[in-house]
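Only the coordinates and a few stated rules stand behind these numbers; no lab work does. Values in this document were obtained by computation on a predicted structure and should not be read as measured data. FYI the Cβ positions are ideal-geometry reconstructions off the backbone, even for glycines, and counts take in every protein chain you see.
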Amino acid sequence: MQRPRLRDNKGKRQFELYPLGQIPPQMIYQMGKWFTYQYLVGSKDITGGVWGDVFAASIGGTHLDSSLGLADVIYESQCWSTKTVKTNNPHSQKRVRVISGRCSPDYSYGITDPHKDIQKTGTAVLSIYNERINIAKDKYEPLRAVILIRNFDTFEFSLFEHEVYRYVTSEYEWRSNRSGNLEGFDATDRHCFTWQPHGSQFTVLYDAPTSVIKFSVKHPPVLDFQKTLDQAGFDESWITIF
């Protein structure tokens, strides 16, 4: 069902490049081409920054390439938070832990001892994350997380999307684990979040939906170093020593 048009909508235009989770095959083929190129030039891994570049190029969008905020890739009024994780078996992975930035209750709320009141600290962490969502949604809508699960030993990938939405902070119970990290659980006792006091790293656990897209890329040969330089017309005049 489409979203209703309201008088207080402020004229924000709702735009979807494609329905949630239904990434068109031609875009998957574009991703495969860019991954193949990375391998050909000798890249050993697909970092978060590279994944942002690949996703943006595949959809014709723009990679903002900023360490701040959730809007990594934009296309008109829509944006994505691009995340990638590495596992042994991407095609069978049912759940993934995604690093979603740093949330500092000390900086934002003056909470200097995060273990003094664990529930208060956890609520503060979610409130900080919610505010990041608010900032992104002020400019872009819809806001999605597009998650790439990868394994470079077999060149297998799984890809899925989740809508990024604000969390109701009162719906989660926070506990400290053996490592001193805080973990958030929902009403069914399902582990949903992890926050690390040292470094303030915030992790969201995502379930892979039934719409997950599974694909693989053929292992290509790495381009010959000297032949590639010769093909580009390289000579030592390209190098300037100061």
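Spacing of the modelled spin labels on HIS191 and SER127, each 7 Å from Cα toward Cβ, amounts to 2.7 nm. Take the Cα of HIS219, step 7 Å along the line toward its Cβ, and report every residue of the stretch 15-57 whose backbone nitrogen sits under 17 Å from that point. Inside the label zone: 36-46.
Evaluating 6.51 cos²θ - 1.76 cosθ + 1.60 at θ = phi - 60° for every residue in the stretch 223-230, the Karplus couplings come out as 4, 5, 4, 5, 4, 5, 5, 5 Hz, glycine and proline recorded as x. A crude spin-label estimate for the pair TYR37 and ILE99, with each label 7 Å from Cα along the Cβ direction, gives 2.6 nm.
Each Lys and Arg contributes +1 and each Asp and Glu -1, all at the Cβ; summed about the Cα centre of the chain, the dipole is approximately 640 debye.
Here, the stretch 177-242 yields an orientationally averaged convex hull projection of 11.6 nm² when only Cα atoms define the hull.
Bridgeable aspartates and glutamates around LYS227 (alpha carbons under 20 Å apart, same-chain partners fewer than 8 residues away excluded): ASP235, GLU236. Inter-part distance, the stretch 191-221 to the stretch 124-163, computed on C-alpha centroids, equals 9 Å. A quarter of the convex hull surface defined by the alpha-carbon atoms of the chain gives 18.8 nm² as the mean projection. Set the Förster distance to 45 Å, then compute FRET efficiency between SER170 and ASP45 from the Cβ-Cβ distance, nearest 0.05. E between SER170 and ASP45, to the nearest 0.05, is 0.70. Taking every DSSP helix (H) stretch of at least 4 residues in the chain, weighting each as -39,500 (n - 2.57) and dividing the sum by the residue count yields a mean residue ellipticity at 222 nm of -8000 deg cm²/dmol. Residues whose amide H lies under 5 Å from that of GLY101, counting only those 5 or more places away or on a different chain, are PHE202; hydrogens are built 1.01 Å from N in the peptide plane. For the cross-link pairs LYS33/LYS218; LYS44/LYS83; LYS94/LYS218; LYS83/LYS116; LYS83/LYS218, which exceed 21 Å when the distance is taken from alpha carbon to alpha carbon? Correct reply: LYS94/LYS218; LYS83/LYS116; LYS83/LYS218. Here the stretch 130-164 is scanned for amide nitrogen atoms under 17 Å from the site 7 Å beyond the Cα of HIS91 along Cα-to-Cβ, giving 149-160. Principal axis extents of the Cα atoms in the stretch 123-242, from largest to smallest and rounded to whole angstrom, are 63, 43, 38.
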